[in-house]
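The structure appears below as structure tokens.
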Amino acid sequence: MATDGKTSGSTEDHVGSINKAIQAKNVTLVKELLIKAHALKGDEKVPGEVLAKAHQALIDHVVAQWQTDVDALKTSLKQGVEMKAKESLKETLARCEQVKGSSKRLGTEFVTLVDQAKKMISTMNKEEGETIKYYIKQGIQLRNRDVLTEALDKAANAPAGFIDKELVAQAGEVLKELDLEHVIRFYLTTAIRAKDLVGLETALNKATGIKMTQTVPEVAEATKLLAELKAKKAKKKPKDKKEKPKKTPQEKKEKKDKKDKKDKKDKKDKKH
């Protein structure tokens with residue numbers, strides 16, 4: 001209770017604790033002490049000016065933290081633009097979108113940096129799209145399976161709107177053909193090593209089916225080996241005996257009749 005115009009010991013303790021917490025910028029403690037102060041009643045109540053001071057300290061802290069966050073984002077944007085770090089800029093821009101405040105409050109510098117970052121990302125995306133397009137065309141022209149595979153992988157991860165979809169579709173079809181050629185090359189190589197005549201014929205038929213020509217080393221080698229194997233097989237094959245043509249039933253009957261007549265004549269000659 002108050003005595004001789006002085007605040008009670010409990011009130012003085014609260015006021016002292018609140019002032020110390022404010023000076024120490026201990027926001028958590030200031031919040032806890034405010035909750036306790038608002039619960040006090042009667043002569044133990046903390047003076048209004050002290051409570052107002054504590055509330056202002058909390059507001060100042062929030063504003064200072066907000067400004068610190070904005071300054072950190074500006075620094076990150078500047079570094080990202082300077083280093084042309086696209087992924088870092090994308091991450092920073094995502095954080096910028098979460099910052100609350102009008103353009104006026106955020107400041108001209110902040111707004112300008114955000115705009116620069118967006119333009120740089122757009123330019124880099126366009127350049128990346130052109131690079132991928134170049135390698136896809138090269139892969140198609142050279143029919144290079146490795147180049148096409150890498151280019152299409154990059155195209156799949158590229159930002160939408162910066163890739164020629166028709167060109168990607170064409171490259172996909174060419175890659176399917178090259179993948180099939182790769183498999184047939186493997187079959188040809190296996191048959192060549194094993195000197196497998198049937199395997200060579202099968203693989204060469206498949207190669208012909210997709211228009212693989214003699215310019216393909218495996219096709220040329222397999223064709224040559226197949227001819228050699230067939231030639232060796234032909235030399236080892238025994239000559240077929242000439243088979244007499246089979247007689248028709250009529251011919252057989254005529255032969256039998258002729259034989260019977262001969263037999264009868266022979267018997268008759270013996271009797272005489």
Length-normalised contact order for the chain - Cα pairs under 8 Å, 6+ apart - percent
9
By the scheme Lys and Arg +1, Asp and Glu -1, what is the net charge of all other residues having a beta-carbon under 12 Å from that of Gln138?
+1
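If packing is taken as the average count of other Cβ atoms within 10 Å, what order do 251-263, 161-173 fall into, highest mean first?
Highest to lowest by the protection proxy: 161-173, 251-263.
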If you average 1/r across every pair of different Cα atoms in the stretch 144-190 and take the reciprocal, what Kirkwood value do you get, in Å?
11.7
Taking the Cα centre of the stretch 1-141 as origin and charging only Cβ (+1 Lys, Arg; -1 Asp, Glu), how large is the dipole, in debye to the nearest 20?
560
Taking Thr11, Thr215 and ranking on accessible area (1.4 Å, protein atoms only), highest first, one gets Thr215, Thr11
Treating only the Cβ atoms of Lys and Arg (+1) and Asp and Glu (-1) as charged, compute the dipole magnitude of the stretch 116-228 about its Cα centre; round to the nearest 20 debye.
260
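When averaged across all projection directions, what area in nm² does the alpha-carbon convex hull of the stretch 156-235 cover?
Taking the Cα atoms of the stretch 156-235, their convex hull projects to 6.5 nm² on average.
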At q = 0.13, 0.19 Å⁻¹, work out log10 I(q)/I(0) for the stretch 1-158 with the Debye formula, treating every Cα as an identical point scatterer and leaving solvent out; two decimals please.
-0.78, -1.06
Candidates (i) 210; (ii) 188; (iii) 366; which is the computed volume of the Cα convex hull per residue in Å³?
(iii)
Excluding ligands and nucleic acids, what accessible area in Å² is computed for Val111 using a 1.4 Å probe, to the nearest 10?
60
Would you list the P(r) distribution for the stretch 49-129, with all Cα-Cα distances sorted into 10 Å bins from 0 and each bin expressed as a whole %?
17, 41, 23, 12, 6, 2, 0
Quick one: dipole size for the chain, taken about the Cα centre, charges +1 on Lys/Arg Cβ and -1 on Asp/Glu Cβ, in debye to the nearest 20.
5720
Just to check I understand the Karplus step: with θ = phi - 60° and J = 6.51 cos²θ - 1.76 cosθ + 1.60, what whole-Hz values come out for the stretch 162-172, glycine and proline as x?
10, 10, 6, 5, 5, 5, 5, 5, 4, 5, x
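Can you give the Kirkwood hydrodynamic radius of the stretch 60-103 from its Cα pairs, in Å with one decimal?
Taking the inverse mean of 1/r over all distinct Cα pairs, the stretch 60-103 comes out at 11.0 Å.
The values are calculated or read from the model by the stated rules, or taken from the named source; none is laboratory data. Predicted model, so just to flag it, every value in this text is computed and none were measured. Positions of Cβ are backbone-derived with ideal geometry, glycine not excepted, and every protein chain shown enters the neighbour counts. These area figures cover heavy atoms from the full protein model, side chains too; ligands, DNA and RNA do not enter into them. Shrake-Rupley method; radii C 1.70, N 1.55, O 1.52, S 1.80 Å.
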